[in-house]
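Beneath this line is the structure, given in structure tokens, with notes to follow.
The values are calculated or read from the model by the stated rules, or taken from the named source; none is laboratory data. Everything quoted here is computed from the prediction, not taken from an experiment. Every residue, glycine as well, gets a Cβ built from its backbone with ideal geometry; the counts of neighbours run over all protein chains shown.
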Amino acid sequence: MKAMPPWGMLRRLRRETVASGRRVLVEKTPDHLKHIEHIRRLVPGAQFIITIRDGRDVAASIAHRKHSSSSGVRRWQAAAAITAREVNAPDVLCLRYEDFVDDPIGYVRRICAFVGIPYLREMLDFHRHPVRYNGRDGKQKGTGVGGDHQRLRSWQINQPIFDGRGRWKHELSTEVAAAFNVGELGSLMRQFGYS
């Protein structure tokens, strides 16, 4: 399990937030889902936006990078189980990736209302203003495999919204896809509206 960021990093992030003229600090690290209780203690008043995605598409995405769909299945199952426990917490907004693709404006409006900031149309034009991710410029796609993961992430955050739904239909074996219909996987899939 990854350690939570130390107080020094949190202070640095808060300073950068204030220096940028903003009042809301947003930190996006999927693994922090495992540390929600710790974050609640560390940052009183923190709010959590959890995006859930069809587990089959998650498995396909991770299999592309790690050449193993089983690690994607385990990762989604663990994250979905945590999300299921947190979904009704007052400091949590849980949204589906598929709903974002269908209605990005409505999705972003819900997020803005949840955190108490005004919605601005340019929020969805983020890709027109490239940013660096961990020192990478994002001009080259990268494979996401091994040390090339940072280059892939930098490229991804600079892309317009795309529809990644259903990739599992072309990329997962029948056996792996079928695993999402039974047991805990099947139960979690149904809980979040996936069949």
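Of all residues in the range 79-98 being within 14 Å of the chain's Cα centre (by Cα) and assigned to a helix (DSSP H, G or I), which is surrounded by the fewest Cβ atoms within 10 Å (Cβ to Cβ)? Checked the range 79-98; the qualifying residue surrounded by the fewest Cβ atoms within 10 Å (Cβ to Cβ) is Ile82. Take the conditions at pLDDT below 95, farther than 26 Å from Ala84 by Cβ and surrounded by 15 or more Cβ atoms within 10 Å (Cβ to Cβ) and apply them to Arg128. Does it pass? Here the answer is no, as Arg128 does not meet what is asked.
The residues of the range 64-76 that are farther than 13 Å from Ala179 by Cβ and over 13 Å from the mean Cα position of the chain (by Cα), listed by number, are His64, Arg65, Lys66, His67, Ser68, Ser71. Cβ-Cβ distances below 9 Å connect no pair with a first residue in the range 13-40 that is on the phi > 0 side of the Ramachandran plot and modelled with pLDDT under 85, a second residue that is surrounded by 11 or more Cβ atoms within 10 Å (Cβ to Cβ) and part of a loop (DSSP other than H, G, I, E, B), and a separation of six or more residues or different chains.
Taking the conditions (1) surrounded by 14 or more Cβ atoms within 10 Å (Cβ to Cβ); (2) small (Gly, Ala, Ser); (3) at pLDDT 95 or above in turn, Gly193 satisfies each one other than (1). Of everything in the range 146-168 that is part of a helix (DSSP H, G or I) and in contact (Cβ under 8 Å) with a residue 60 or more places away in the chain, the residue that is surrounded by the most Cβ atoms within 10 Å (Cβ to Cβ) is Trp168.
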